[in-house]
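> One structure coming up, written as structure tokens, with questions to follow.
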Amino acid sequence: MIHSILKSISEGLENKSISQVAYYVQYILIVTLIMSNFADIINMVKDSINNLVGFCNTLIPILITLIMTTGSVISANLLQPILLFIITFIGNLITNVILPIVLVSTALGIVSKIATHVQLDRLTKFFNSSVVWILGVVLTLFVSLLSIEGSLSSSVDGITAKTTKAAVSSFIPVVGKILGDAVDTVIGCASILKNAVGIVGIVVIIGICITPIIKLALLMGTYYIGAALCQPIADEKIVKLLEQMGDTFKVLLAILCSVSVLFIVGTTLVMKISNSGLMYR
Amino acid sequence: MFIIQGVQMRKILVISILVIIILFIPSYAIAEDELTENDIINSQKESINIGKFLEEAKKYSSEAFSDIDYSEFLTSAITGNIDNETLGKGILNIIGKETIGSIRVIRKYNNYYSDT
């Protein structure tokens, strides 16, 4: 609004170059204000991703130990390297590749709004869509890999445990059946504890992500509303700049939402895989 | 003849002693301290060092869910009675706090520009 008032004043000036300089000064002022906020948001997203990876690196070893306690040794051995690798890979991918792409895309978007002759809108759109595609591919690969490996290993674990229990019950005289039942009780208790720990893990993942997600959603809404309200009075470039920032926050929101969903789905799948092994008993 | 009778008598005596022992020795046992599911779960918790994990959990999510005691939450998850209300309240609190924060930021910038 202030920019539009100043613009109408500067347009009244006879010297065109002065009015143009005044316009660019105002534009840069607005961009500086937006960027100071944007830098905080980028740091917040980075911190959230690092916290998520850090917490999952604490959660996964405990879950894997509990899976081993339930007798799913093959599943545990197969899942631990995959999970730890993918979690660390995703953390590094987002911090070192995806967030810099978003930063470059935002910078290009801002520059293309200033310059009349140099247009880089298509490149910005390409970067934004490539970020979404990379995230989609990583999410699909993670879930499919975990499901396939988990379903195969859980079947083997279930059958092995059932055979062992049958052998113990049959071949050990007198106490064989009692021993088998006692092992079943201990395994059942470990399974309950594992599911409870998994639920706590999911709640903590939600706790880490919820504040940044809400913050980003509100910021995105604020920028879109700002662009919509400014359109009748402000310059077209400013409106497009606000829209561009709204789009950037949308991409950041998508990154954070997809990563949190990925970790929640991963934890749930790990819980489910070892539960399906128990079904064979 | 007399020798055989003496052996038979000895056999009868041994058998009768065995029967008496079997009859009078109690054939059941009473456990002094019954091992329940909770005891097994608690021992598993201690062996895996769940306490440290819960401390980490508290550290990571203290900003969002400061009211949640994760030890109690784990116990309620084991029994299947998760307190969804506290979680919902926590999320609503964050939404309210962030919305108010956004409005304050907009007002602050608005006042700053009005003054300048």
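> Span-like helices, chain A: DSSP H, alpha-carbon axial extent 27 Å or more, mean Kyte-Doolittle 1.0 or greater, which ones? Intermediate results must be reported in sequence, preceding the final value.
On the way: long enough: A:16-69 (78 Å, 1.10); A:73-93 (30 Å, 1.86); A:121-171 (75 Å, 0.83); A:176-230 (79 Å, 1.63); A:236-278 (63 Å, 1.11).
Qualifying helices, which must be both long enough and hydrophobic enough, are A:16-69, A:73-93, A:176-230, A:236-278.
> A further question follows. As a footprinting exposure proxy, order A:PHE249, A:PHE142, A:PHE126 by other Cβ within 10 Å, with the fewest listed first.
Values: A:PHE249 25, A:PHE142 21, A:PHE126 13.
Fewest-to-most ranking of A:PHE249, A:PHE142, A:PHE126: A:PHE126, A:PHE142, A:PHE249.
> While we're here: Name the residues of segment A:32-57 whose amide N is less than 18 Å from a point 7 angstrom out from the Cα of A:THR95 along the C-beta direction?
Under 18 Å, as judged by backbone N against the label point of A:THR95, lie A:40-57 of segment A:32-57.
> Of the candidates A:ILE110, A:ILE202, A:ILE192, which one comes out as most mobile in a Gaussian network treatment of chain A with C-alpha springs shorter than 10 Å?
A:ILE192
> Now, a different point. Could you give the C-alpha radius of gyration of the protein assembly as shown expressed as a fraction of 2.2 N^0.38 Å, taking N as the number of residues it contains? Could you put the intermediate results ahead of the total?
Numbers: Rg = 33.4 Å, N = 397, 2.2 N^0.38 = 21.4 Å.
Relative to the rule-of-thumb radius for its length, the protein assembly as shown sits at 1.56.
> Could you give the distance between the Cα centres of segment B:5-23 and segment A:139-186, to the whole Å?
Centre-to-centre (Cα) distance: 51 Å.
> Sticking with this structure for a sec: Take the alpha-carbon centre of segment A:197-222, take the same for segment A:57-102, and report the distance between them in whole Å.
20
> Next up: Taking every alpha carbon pair in segment A:43-196, what does the distance histogram look like in 5 angstrom bins from 0, in percent?
Taking all Cα pairs of segment A:43-196, the binned fractions are 1, 8, 12, 13, 13, 10, 9, 7, 6, 5, 4, 3, 2, 2, 1, 1, 0, 0, 0 percent.
> What fraction, in whole percent, of alpha-carbon pairs in segment A:198-239 exceed 17 Å separation? Working shown, then result.
Numbers: 449 of 861 pairs.
I get 52 percent for the Cα pairs in segment A:198-239 exceeding 17 Å.
> Can you sort A:LEU93, B:LEU13, A:LEU78 from fewest to most other Cβ atoms within 10 Å of each residue's own Cβ?
Numbers: A:LEU93 17, B:LEU13 10, A:LEU78 20.
The order, fewest Cβ neighbours first, is B:LEU13, A:LEU93, A:LEU78.
> Also, quick follow-up: Which pairs break 20 Å Cα to Cα here: A:LYS46/A:LYS113; A:LYS194/B:LYS45; B:LYS45/B:LYS89?
Working: A:LYS46/A:LYS113 27 Å; A:LYS194/B:LYS45 10 Å; B:LYS45/B:LYS89 29 Å.
As for pairs spanning more than 20 Å Cα to Cα, those are A:LYS46/A:LYS113; B:LYS45/B:LYS89.
> Nearest 500 deg cm²/dmol is fine: what mean residue ellipticity at 222 nm does chain A get from its DSSP H runs of n ≥ 4 alone, each adding -39,500 (n - 2.57), divided by its residue count? Please report the intermediate quantities before stating the final value.
Working: 7 runs with 250 residues, N = 281.
Helix contribution divided over all residues of chain A: -32500 deg cm²/dmol.
Since every read-out is calculated from the coordinates, none of them should be taken as a lab result. Owing to the predicted nature of the structure, the values given are computational and were not obtained by experimental measurement. Ideal geometry is used to build each Cβ from the backbone, glycine not excepted, and the neighbour counts take in all protein chains shown.
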